[in-house]
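Have a look at the structure below, then the notes.
The values are calculated or read from the model by the stated rules, or taken from the named source; none is laboratory data. Please read these numbers as outputs of a predicted model, since none were measured by experiment. In this analysis, Cβ positions are derived from the backbone assuming ideal geometry, glycine residues included, and neighbour counts consider all displayed protein chains.
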Amino acid sequence: MKNLGQMMKQAQEMQSRMAELQTRLAEIEMTGASGGGLVQVTLSGKGEMKKVRIDKSLMVPEESEVLEDLILAASNDAKSKVEAHVASEMSQLTGGLQLPPGMKLPF
């Protein structure tokens, strides 16, 4: 029974640290860029889009598809940065504990 009590205590500590991590993730922002920085998309640590910056030189109506592609690329760049940051934070939180395949925390 001692082991069960210890496991419950560790689970509660992990839950508390997870709540702290989620709060920190909501506060961070990661910016992705494309087109040599002409398009920038900023996401929160939770993946919510916060800002989009588009250089005025790209505002050509005949080339809207290029601009759309650059926005997608910048958004994907920001998303990969957020995911890498979350993975790093989770690794520190779990002490390298391997989670089962498909289990993604904190969302």
From the list 82, 86, 66, exactly one residue is farther than 13 Å from residue 29 by Cα, at pLDDT below 95, of a type outside the set (Lys, Arg) and in a helix (DSSP H, G or I). Which is it?
66
Among the residues of segment 1-55, count how many are acidic (Asp, Glu), within 30 Å of residue 66 (Cα to Cα) and without any contact (Cβ under 8 Å) to a residue 12 or more places away in the chain.
1
Quick check on segment 26-41. Is at least one of its residues within 13 Å of the chain's Cα centre (by Cα) and charged (D, E, K, R)?
yes
Quick check on segment 23-54: of everything there that is assigned to a helix (DSSP H, G or I) and surrounded by 14 or more Cβ atoms within 10 Å (Cβ to Cβ), which residue is modelled with the lowest pLDDT?
25
Report yes if some residue within segment 6-22 is out of contact with any strand residue (DSSP E or B) (no Cβ under 8 Å at 6 or more places or on another chain), in a helix (DSSP H, G or I) and modelled with pLDDT of 95 or more; otherwise report no.
no
Residues to consider are 44, 34, 57; find the one that is touching a strand residue (DSSP E or B) at 6+ places or on another chain (Cβ under 6 Å) and small (Gly, Ala, Ser).
44
